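First comes the structure, then the notes that go with it.
Computed from the coordinates by the stated procedures, all read-outs in this text should not be read as laboratory data. Owing to the predicted nature of the structure, the values given are computational and were not obtained by experimental measurement. Methodologically, a virtual Cβ is constructed for each residue, glycine included, from the backbone with ideal geometry; neighbour enumeration extends over all protein chains shown.
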């Protein structure tokens, strides 16, 4: 496919919507990734993705907007995971596992009683740019601005909590509220990413750019910048590849992320050897 054909594809409204929403998701997930990865809490994205699977199934059965149904329920699930891991002392990974497996079972049950998986549901599972509506673009823009703004406003508090939770508590920072804020913002990002990447792959969009950026930079702020750059490149190029070559959108984005991680890791190893 030549350049002219690619530009012709970019004239389609559904491609434009996909690129805009993909750009917004890339930014919001990158801003949150470093706080989750460094606190070894990145798998909450995977757990909340399983919750979103159940909420999408519920929304389709009720003939409602998946975003409207998913955002409040997934946000509540994120707070429940936090509560279980903090108060019952069962550990963050166990709390995520409990909620994820229960949600997955609920989702499978809902699809079973509603005559199995539909074409629409499979699109939400693995991502499809065809299901992105104009209203999704506006909602994604508003929520991304909200996520980035809150991270910037509470940056110093989140930074302190990420590197030393005990110090953050002693210094009077409201760590419980900050954890709740981070959990809710993560839930919103997961729900937004369903459209492009799908529930089964969205957690990788939080993890991959950050771990790749950590190999390129040792500074906290510069790591976020690198994560944003890597994420934007992966998402936009993944969407364009999926459109031009008719590949699955979600897997294209994740595979590009994986390839970049491999190349960056290999380059880091070579630099370390040369030193």
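If you run the Gaussian network model on the chain, springs between alpha carbon atoms under 10 Å, then out of 113, 61, 137 the most flexible one is 113.
Helix-only arithmetic for the chain: the sum of -39500 (n - 2.57) across DSSP H runs with n ≥ 4, divided by the residue total, places the mean residue ellipticity at 222 nm at -27500 deg cm²/dmol.
Considering only alpha-carbon pairs that sit under 8 angstrom and 6 or more positions apart, the relative contact order computed for the stretch 3-274 is 31 percent. Converting the Cα gyration tensor eigenvalues of the stretch 116-275 into ellipsoid dimensions via √(5λ) gives semi-axes, longest first, of 29, 24, 12 Å.
Each Cα pair under 8 Å and six or more residues apart adds its separation to the average, and for the stretch 181-275 the resulting relative contact order is 28 percent.
Binning the C-alpha pair distances of the stretch 202-275 at 10 Å intervals from 0 yields a P(r) profile of 21, 46, 26, 7, 0 %, listed from the shortest bin outward. Of 180, 16, 64, the residue with the greatest mean-square motion in the GNM of the chain, using alpha carbon springs below 10 Å, is 64. The separation of the stretch 189-204 from the stretch 3-47, counted between C-alpha centres, amounts to 9 Å. By the count of other C-beta atoms within 10 Å, a proxy for reagent exposure, 215, 177, 195, 17 are ordered fewest to most as 177, 215, 17, 195. Global size of the stretch 184-237: 11.6, 32 Å for Rg and Dmax (C-alpha atoms, Rg to one decimal, Dmax whole). In the stretch 1-68, the alpha-carbon atoms span a convex hull of 147 Å³ per residue. Take each peptide in 41-48, 148-155, 28-35, 67-74, count the other Cβ atoms within 10 Å of every residue, and average; sorted highest first, the result is 28-35, 41-48, 67-74, 148-155. The Cα-based radius of gyration of the stretch 3-274, divided by its Kirkwood radius, gives an Rg/Rh of 0.98.
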